[in-house]
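Trainee: The structure is given below, and queries will be raised subsequently.
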Amino acid sequence: MKKILFVASEGVPFIKTGGLADVVGSLPKCIDKRYFDVRVIMPKYACMKQEFKDMMKYKTHYYMDFNWKNEYVGVLVAEVNGITYYFIDNESYFSGFGVYSDNVIDEITKYSYFCKAVLSSLPLIGFRPDIIHCHDWQTGLIPVYLHERFQQNEFFRGIKTVMTIHNLKFQGRWDVKTVQSITGLPGYFFTSDKLEAYKDANLLKGGLVYADAITTVSDTYAEEIKTEFYGEGLNGLLNARAGSLRGIVNGIDYEEFNPTTDAKIDFPYDKVNFRKEKIKNKRALQKQLGLEQDDSKFMIGIVSRLTDQKGFDLIAYIMDELCQEEVQIVVLGTGEERYENMFRHFDWKYNNKVSANIYYSDELSHKIYASSDAFLMPSLFEPCGLSQLMALRYGTLPIVRETGGLKDTVEPYNEYESTGTGFSFRNYNAHEMLATIRYAKYVFYQRRREWNKMVDRAMAADFSWEVSAKKYQEMYDWLIG
Ligand code: GLC
């Protein structure tokens with residue numbers, strides 16, 4: 001049995017702020033249990049729901065030298081759907097209202113502590129992974145610490161590491177002196193071939209330098225991050241490590257997202273009866289959200305973190321123009337205040353056309369996937385993107401910008417060959433996006449048979465984890481040798 005340990009800052013069902021949590025929650029379940037024992041470790045946050053805290057049992061505790069102090073480390077354990085989850089417990093680091101804070105130095109301290117605690121607890125919990133699979137900058141110090149001190153201990157010798165980039169934009173950067181003092185790493189780790197980048201210490205960079213393999217969450221993003229535009233300053237390093245870098249596209253949980261059995265939607269439907277049944281969901285949602293109740297309106301859904309990355313500048317720019325037309329726009333999500341207020345404003349201005357729901361609700365998200373005709377995702381960059389996969393699964397056609405995973409998972413409509421599962425545009429340009437929305441609308445109103453055939457293809461596309469989980473397994477096998 002090969003042992004794999006996932007290390008991440010968030011994971012479904014325990015805690016989620018974004019797509020990272022979905023991947024950490026769903027991928028381990030899809031790795032073949034006959035050959036792999038996959039476990040997950042994450043912090044125990046004060047902001048986790050009580051029902052999840054109640055599932056955790058005490059495993060062990062000890063004290064660890066960290067940041068010039070002797071710090072408590074508790075380890076808790078829970079089992080869900082056959083997967084073992086460990087939690088690192090320390091109330092001073094993982095308290096707070098949310099998972100993350102805007103205080104960079106706090107974040108760096110807390111995840112440095114987390115990385116060191118993860119490694120030092122392994123001998124005590126009696127799980128020696130063959131591979132530690134790290135996710136995003138919060139876990140970047142794991143390969144570094146492993147190399148720097150833990151591998152001197154017999155228990156750790158030969159453990160391999162994988163670093164998966166879900167979002168290169170976040171790297172965990174702060175000045176060298178402070179980070180050196182917090183982490184306790186020797187000075188020679190802070191040179192430009194190791195943790196230093198542009199005069200700062202960079203935790204993700206450390207992970208990328210010392211990991212045995214690097215992956216990211218789509219083929220296109222794996223190529224893009226080697227360029228200056230998408231490389232976030234690390235394109236040089238990623239080119240140097242190109243031989244160890246590959247893209248493996250994310251999947252989604254096909255049981256959780258299943259229009260036929262989904263208890264969160266009002267009218268379940270399938271590939272055969274969607275023509276009659278899907279629209280009932282739209283009627284119900286129009287009613288629930290106080291939109292004009294009219295079957296013929298072209299409903300566009302948006303479920304997203306409201307950040308720069310997702311292309312909301314483009315939307316803001318053409319909202320007035322778009323709202324002159326026969327559309328309805330349903331938004332769900334939270335994030336940067338300017339985008340929250342932008343959608344609130346348009347909801348006020350075009351009350352029966354725009355519904356801004358500035359919060360997060362799992363249930364409403366499923367209703368939006370089921371009810372909308374199209375799903376808009378004009379991202380500036382998108383490592384993979386999961387919402388477009390959920391939309392496809394529910395026969396809601398994505399309108400996307402051709403970047404990262406959006407490019408790899410949405411096949412643009414070709415009216416001559418009658419192929420495709422959605423609509424796409426190339427440049428980060430508001431009117432190119434608007435023209436694409438109008439084209440989708442035209443097909444919806446004037447070529448309904450073609451539209452429905454596209455829905456057929458969208459619902460038949462397979463973005464379950466099956467294929468991608470095999471690719472991870474191949475990589476694990478290859479690394480373990
Ligand atoms: C991040 C990326 C998103 C990706 C997700 C899971 O949230 O922004 O594109 O789908 O991680 O890998």
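Trainee: Kindly indicate whether any position in segment 440-452 is surrounded by 15 or more Cβ atoms within 10 Å (Cβ to Cβ), within 20 Å of the chain's Cα centre (by Cα) and not aromatic (Phe, Trp, Tyr).
Mentor: Checked segment 440-452: no residue is surrounded by 15 or more Cβ atoms within 10 Å (Cβ to Cβ), within 20 Å of the chain's Cα centre (by Cα) and not aromatic (Phe, Trp, Tyr).
Trainee: A follow-up question, please. Restricted to segment 342-397, and to residues that are without any contact (Cβ under 8 Å) to a residue 60 or more places away in the chain and within 15 Å of the ligand (Cβ to nearest atom), which residue is surrounded by the most Cβ atoms within 10 Å (Cβ to Cβ)?
Mentor: Gln388
Trainee: Next up: Any residue at all in segment 151-159 that's touching a Ser or Thr at 6+ places or on another chain (Cβ under 9 Å) and open to solvent by 30 Å² or more (accessible area, probe 1.4 Å)?
Mentor: Checked against the condition, which is being touching a Ser or Thr at 6+ places or on another chain (Cβ under 9 Å) and open to solvent by 30 Å² or more (accessible area, probe 1.4 Å), segment 151-159 yields no hits at all.
Trainee: Tally up the residues in segment 271-319 that are crowded, with 20+ Cβ neighbours inside 10 Å, part of a loop (DSSP other than H, G, I, E, B) and of a type in the set (Lys, Arg), please.
Mentor: Residues that pass the stated criteria total 0.
Trainee: Write out, first by first residue and then by second, each pair whose Cβ atoms fall under 6 Å of each other, whose residues are 6+ apart or on separate chains, and whose first residue, in segment 77-93, is in contact (Cβ under 8 Å) with a residue 60 or more places away in the chain while the second is open to solvent by less than 30 Å² (accessible area, probe 1.4 Å) and of a type in the set (Gly, Ala, Ser).
Mentor: Partner pairs satisfying both residue conditions: Tyr85/Ala78.
Trainee: Out of all the residues in segment 320-329, is one or more open to solvent by 30 Å² or more (accessible area, probe 1.4 Å), among the charged types (D, E, K, R), part of a loop (DSSP other than H, G, I, E, B) and within 20 Å of Asn281 (Cα to Cα)?
Mentor: yes
Trainee: Please tell me if Gln171 is modelled with pLDDT of 95 or more, within 24 Å of the chain's Cα centre (by Cα) and more than 14 Å from Ala8 (Cβ to Cβ).
Mentor: yes
Trainee: If I go through segment 19-38 residue by residue, how many of them are over 19 Å from the mean Cα position of the chain (by Cα) and buried (at least 16 other Cβ atoms within 10 Å of the Cβ)?
Mentor: Total meeting the criteria: 3.
Trainee: Under 6 Å between Cβ atoms, at least 6 apart or on separate chains: pull out the pairs that start in segment 215-236 with a residue that is within 15 Å of the ligand (Cβ to nearest atom) and end on any residue that is open to solvent by less than 10 Å² (accessible area, probe 1.4 Å) and in a helix (DSSP H, G or I).
Mentor: Thr216/Ala222; Ser218/Gly404; Ser218/Gly405; Thr220/Gly404; Tyr221/Gly404; Ile225/Gly231; Ile225/Leu238
Trainee: Does Ile108 count as more than 25 Å from Phe36 (Cα to Cα) and in contact with a Leu (Cβ under 9 Å, 6 or more places away or on another chain)?
Mentor: It is true that Ile108 is more than 25 Å from Phe36 (Cα to Cα) and in contact with a Leu (Cβ under 9 Å, 6 or more places away or on another chain).
Trainee: To continue, here is another question. How about segment 198-270: which strands (runs of 3 or more DSSP E) wholly inside it have at least 1 residues that are more than 21 Å from the chain's Cα centre (by Cα) and farther than 30 Å from Ser365 by Cβ?
Mentor: Answer list for segment 198-270: 200-202.
Trainee: Could you grab the pairs with beta carbons closer than 8 Å, sequence gap of 6+ or different chains, first residue in segment 17-41 and among the β-branched types (Val, Ile, Thr), second one assigned to a helix (DSSP H, G or I) and within 15 Å of the ligand (Cβ to nearest atom)?
Mentor: Cβ pairs passing all conditions: Ile31/Ala469; Ile31/Tyr472; Val38/Pro28; Val40/Val24; Val40/Pro28.
The values are calculated or read from the model by the stated rules, or taken from the named source; none is laboratory data. Predicted model only: the values in this text are computed from it and were never measured. Ideal geometry is used to build each Cβ from the backbone, glycine not excepted, and the neighbour counts take in all protein chains shown. These area figures cover heavy atoms from the full protein model, side chains too; ligands, DNA and RNA do not enter into them. Shrake-Rupley method; radii C 1.70, N 1.55, O 1.52, S 1.80 Å.
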